[in-house]
1. Fully extended, how many nm does the chain gain between ASP32 and ASP19 (0.36 nm per residue separation, minus their Cα-Cα distance)?
2. Given the peptides 19-25, 37-43, 9-15, arrange them by the average over their residues of other C-beta atoms within 10 Å, most packed first.
Amino acid sequence: MSYPKGPFYCLAEAQDWVDAFVCWYNNEHRHDALNWTTPAARHNGFCSPVSKPTKWPATATRSAGREASATASQQAR
């Protein structure tokens, strides 16, 4: 799927491109949030249910930092 290089010349051309994009996005493009399957495969039950996302290390570190900061400010009172 390639993006247009310039403006569409008419509404029909734009609609054709959007239709092709939606078809590609739902049937060919694999999504990490769906365990690298397509939305169509997920919708039609051809893949296992998506597991609960895990925290990335950076997110966990930021959360720990916020919690430590909140604890320190409560102890200072």
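Coordinate-derived values only; no laboratory data. Keep in mind it's a predicted model, so treat the numbers as computed, not measured. Here the Cβ is made from the backbone with ideal geometry for all residues, glycine too, and neighbour counts use every protein chain on show.
1. Difference between extended and current length: 2.4 nm.
2. Per-residue mean Cβ counts within 10 Å order the peptides as 37-43, 19-25, 9-15.
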